[in-house]
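These notes are about the structure you will find just below.
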Amino acid sequence: MKQFIFLLLVVCLPLSTTFAGEGMWIPLLLQQLNEKEMQSMGMKMTAEDIYSVNKGSLKDAIVHFGGFCTGEIISREGLILTNHHCGFGQIQRHSSLENNYLEDGFWAMDQKEELTNPGLFVTFIVRIEDITAAILEGVTDDLSESDRQSVIDRNINAVKGSILREEYQDVLVRPFYKGNQYFLFVTETYNDIRLVGAPPSSIGKFGADTDNWIWPRHTGDFSLFRIYANKDNKPAEYAEDNVPYTPKHYLPISLDGVAENDFTLVFGFPGRTDEYIPASAMDLRVNTLNPIRIGIRDKSLEIIGKAMRSRPEARIQYASKQSGIANSWKKWIGETQGVKATGGLEKKRALEAEFTKRVNKKKAWKKDYGLLLPQLNKLYGDLKPYAISQDYINEISFRNIELLRVAGIINRYMVILDNNGEETFKSRLPRLIAYLEGFYKDYIPDVDQEIFGRLMEVYLKDVPKPHQAAYVQELFEKSGSNYQQMAEMVYNGSLLAKGEKVLAQLNEDPIAFFKTLNDDPAYKTTTEINNKSAEEVSQPYQKIDEEIELLQRKYMQALMEVFPEKRFYPDANSTLRVSYGQVKGFEPRDAIQYQPVTYLKGVIEKYVPGDYEFDVPEKLRSLYEAKDYGAYGQDGKMPVCFIGSNHTSGGNSGSPAIDGSGNLVGLNFDRVWEGTMSDINYDASICRNIMVDIRYVLFIIDKYAGATRLIKEMKLVHPKK
């Protein structure tokens, strides 16, 4: 009965207490939950224009790009638009000092010049179904958590097996509302994805780290790919005779631009949010864990930045890695500041006080929900010491020291060899060799060695002694208690720091190679750190976290029952979502007001000749001086970026910004720094997403790159005229 009531709540919640812009909504439910509000904000479409299984709709133009970003189809020949930073890894892999596509850009002037990208894929959502009743059949309140999950897993397998689908389609089942509801997704994945075009980093990454998460922004953060299919338009592995994919729908492109308060719809695959955690969890995240992560990355970014400024090859080799490290680092800083600036913790505590007040007034609620918050708060207190150690170890061993990370990956294959035998091991070996070839291509041992020395100091000083590996303590003592000498001893003595030798031995005699690893100092450092962490940190952490997940599910159910006047959207989980809002400026601080649109004039104002962040190509400067904007300028100016109140997250990178009539007006790529806390604390006053104006994208393709053949593929419209 409680499950039935819960489902009614999801569909029937009133609209009065949500903020326009807040929420990541399931496309299947737009008609019941959102259509009227969206239309009141300026949308001229219906919910079926956005999501339909009976006809081509907006969802058929949206792809999950590589499993980590979003892309959209913008031509009848399968042309995909996504962010420059989403395609950055592919652009980097095709780059060299002789053909530096990162620095110079890349433009295929015909389809024969489009570059293949092994391993890159895009996934379409064919249809979505609410399967909650089938998944929770047989689930009762008296089941243990493990028994409950066993029933759910069995039901998921049964449902997936019963779904009618084509042989090239897949079925995914995902939990929503902390496991209180389940949806099924039928998907199609295409694996022949080719690079078509990318501006130079001086455009696609303009502002780099300084401007990352910052408004005003002037970045042309876009790249172009194309989907190829077999002659029947079905998914196929790469083949020379594959042809461009013909989509069910592609996005027309508006040349009319945006104005303040225009409706905007962002459609994509946001990664993860935690909007419904209790105040104790938010406090742990922003006041304890974020400072740990930030402090560690401060150190590694300083060393990487020094190398990139002084060595041209390092700028290429570390471009993607540095960007990934810096992106989260700066986001955590903004998240912490944003929660404090908007009183996020105080608002959580006020909501919890009201929740407790309401629960205590109703006997049934008090019985079922009265102890939820005290129990959650205690568990987060118990989790804290393990969470601290886990973040230190993850940042040091898995994310910032490359040698330890690659040793950890090699260790997985050692486990396969030990547990599954030589035959299974050798069948998987080509995958490892391919990975290592890519890894060592962009690996600089002396830079990594310096990072190792700096972060081992953090490990031995800040991780509690009971959570430290004895082997690392012994290495430190053997090096004379000198961190850089310790690093030198490990890197000089480790085969894994010497890429050519690793690959040669793996290809010649992989079994012999693996037998030498137990005495390798880098391999042993990694395995000892990870084994100690698994025993003393991960196991108790996981046990507490499982209890938290159980209570979080009950707390989510309780929130929706106790606050019937509120509207609840599910947390992001990398599934297809709609976010809607408006083009809007904001006031981040006293006496500062941000306008919603930036222009090419701002690019020129930031121009610093030769600077790796703010250099501007000569041709772009010439086009600006001549005001040669073609059909893409407005009132003698060239729009570059704009902001809106759409609720976005990681994974929304590359998502289309769509106007009220279903036309593409922009390309989502970032959030403002003040609003990066929207993953845990959306606040309509300062949460803004940043989008490239689509006219700037077209201007760069056409006037800057001369790739006019791509413009001719697109459908350009004037909806406002």
Unique residue being touching a Pro at 6+ places or on another chain (Cβ under 7 Å), in contact (Cβ under 8 Å) with a residue 24 or more places away in the chain, charged (D, E, K, R) and within 30 Å of residue 147 (Cβ to Cβ) when the list is 561, 536, 565: 536
Answer from 458, 472 - the residue that is closer than 27 Å to residue 319 by Cβ, out of contact with any His (no Cβ under 6 Å at 6 or more places or on another chain) and of a type in the set (A, V, I, L, M): 458
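Results for (1) surrounded by fewer than 24 Cβ atoms within 10 Å (Cβ to Cβ); (2) within 17 Å of residue 197 (Cα to Cα); (3) in contact with a helix residue (DSSP H, G or I) (Cβ under 9 Å, 6 or more places away or on another chain), shown as yes or no for each residue.
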site: 652; (1), (2), (3): no, no, no
site: 660; (1), (2), (3): yes, no, yes
site: 671; (1), (2), (3): no, no, yes
site: 719; (1), (2), (3): yes, no, no
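Listed here are the residues, each with its yes/no results for (1) modelled with pLDDT of 95 or more; (2) crowded, with 19+ Cβ neighbours inside 10 Å; (3) not in a loop (DSSP other than H, G, I, E, B).
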position: 549; (1), (2), (3): no, no, yes
position: 579; (1), (2), (3): yes, yes, yes
position: 613; (1), (2), (3): no, no, no
position: 620; (1), (2), (3): yes, yes, yes
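Quick check on residue 448: is it of a type outside the set (Gly, Ala, Ser), surrounded by 13 or more Cβ atoms within 10 Å (Cβ to Cβ) and at pLDDT below 95?
No, not satisfied.
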Boolean, residue 717 is over 20 Å from residue 595 (Cα atoms), touching a residue at least 40 places away in the same chain (Cβ under 8 Å), β-branched (Val, Ile, Thr) and in contact with a strand residue (DSSP E or B) (Cβ under 7 Å, 6 or more places away or on another chain): yes
Lone unmet requirement of (1) in contact with a Ser or Thr (Cβ under 6 Å, 6 or more places away or on another chain); (2) of a type outside the set (D, E, K, R); (3) assigned to a strand (DSSP E or B) for residue 598: (1)
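Output yes when any residue across the range 582-590 is under 30 Å from residue 319 (Cα atoms), at pLDDT 95 or above and surrounded by 22 or more Cβ atoms within 10 Å (Cβ to Cβ), and no when none is.
First pass over the range 582-590, keeping only residues under 30 Å from residue 319 (Cα atoms): none.
For the range 582-590, residues under 30 Å from residue 319 (Cα atoms), at pLDDT 95 or above and surrounded by 22 or more Cβ atoms within 10 Å (Cβ to Cβ): absent.
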Qualifying residue in the range 633-643 (condition: in contact with an Asp or Glu (Cβ under 8 Å, 6 or more places away or on another chain) and more than 18 Å from residue 203 (Cα to Cα)): no
The lone exception for residue 692 - which of (1) in contact with a strand residue (DSSP E or B) (Cβ under 9 Å, 6 or more places away or on another chain); (2) at pLDDT below 95 it fails: (2)
Complete set of residues in the range 385-436 that are in contact (Cβ under 8 Å) with a residue 12 or more places away in the chain, β-branched (Val, Ile, Thr) and under 17 Å from residue 529 (Cα atoms): 388, 393, 396, 401, 406, 409, 410
Enumeration of residues in the range 368-407 that are modelled with pLDDT under 95 and either outside any helix (DSSP H, G or I) or surrounded by fewer than 17 Cβ atoms within 10 Å (Cβ to Cβ) (or both): 398
Single unsatisfied condition, residue 143 versus (1) of a type in the set (A, V, I, L, M); (2) in contact (Cβ under 8 Å) with a residue 40 or more places away in the chain; (3) surrounded by fewer than 18 Cβ atoms within 10 Å (Cβ to Cβ): (2)
Selection within the range 364-391 - under 14 Å from residue 281 (Cα atoms), out of contact with any Phe, Trp or Tyr (no Cβ under 8 Å at 6 or more places or on another chain) and not aromatic (Phe, Trp, Tyr): 374, 375, 377, 378, 379, 381, 382, 384, 385, 388
Some residue of the range 505-523 being within 25 Å of residue 276 (Cα to Cα), touching a helix residue (DSSP H, G or I) at 6+ places or on another chain (Cβ under 9 Å) and touching a residue at least 12 places away in the same chain (Cβ under 8 Å): no
Members of the range 56-106 that are over 21 Å from residue 247 (Cβ atoms), buried (at least 20 other Cβ atoms within 10 Å of the Cβ) and among the aromatic types (Phe, Trp, Tyr): 88, 101, 106
Selection within the range 98-145 - in a helix (DSSP H, G or I), closer than 21 Å to residue 181 by Cβ and either hydroxyl-bearing (Ser, Thr, Tyr) or modelled with pLDDT of 95 or more (or both): 132, 133, 134, 135
Pairs with Cβ under 9 Å, 6+ apart, first in the range 106-126 and in contact (Cβ under 8 Å) with a residue 40 or more places away in the chain and of a type in the set (Ser, Thr, Tyr), second surrounded by fewer than 20 Cβ atoms within 10 Å (Cβ to Cβ) and part of a loop (DSSP other than H, G, I, E, B): 116/238; 123/67
Count - residues of the range 343-363 that are in contact with a Phe, Trp or Tyr (Cβ under 9 Å, 6 or more places away or on another chain) and aliphatic (A, V, I, L, M): 2
Any pair with Cβ under 9 angstrom, 6 or more apart, that starts in the range 452-481 at a residue that is over 15 Å from residue 395 (Cβ atoms) and ends at one that is β-branched (Val, Ile, Thr) and surrounded by fewer than 16 Cβ atoms within 10 Å (Cβ to Cβ): none
Tabulated pairs, the range 195-211, first under 21 Å from residue 118 (Cα atoms), second surrounded by 20 or more Cβ atoms within 10 Å (Cβ to Cβ) and basic (Lys, Arg), C-beta under 7 angstrom, 6+ apart or interchain: 196/226
Meets criteria (modelled with pLDDT of 95 or more, closer than 25 Å to residue 35 by Cβ and not polar (S, T, N, Q)) for residue 638: no
Filtered residue count, the range 343-362, keeping only those that are within 18 Å of residue 273 (Cα to Cα) and crowded, with 16+ Cβ neighbours inside 10 Å: 3
Filtered residues of the range 341-367 (kept if farther than 30 Å from residue 672 by Cβ and not in a helix (DSSP H, G or I)): 362
The one condition in (1) acidic (Asp, Glu); (2) crowded, with 17+ Cβ neighbours inside 10 Å; (3) in contact with an Asp or Glu (Cβ under 7 Å, 6 or more places away or on another chain) that residue 274 fails to fulfil: (2)
Lone qualifier among 60, 49 - being among the acidic types (Asp, Glu), closer than 30 Å to residue 117 by Cβ and part of a helix (DSSP H, G or I): 60
Qualifying residue in the range 318-333 (condition: out of contact with any Asp or Glu (no Cβ under 9 Å at 6 or more places or on another chain) and among the aromatic types (Phe, Trp, Tyr)): yes
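The values are calculated or read from the model by the stated rules, or taken from the named source; none is laboratory data. Keep in mind that this is a model prediction, so the values were computed, not measured. Glycine also receives a Cβ, built like all others from the backbone with ideal geometry; neighbour counts cover every protein chain displayed.
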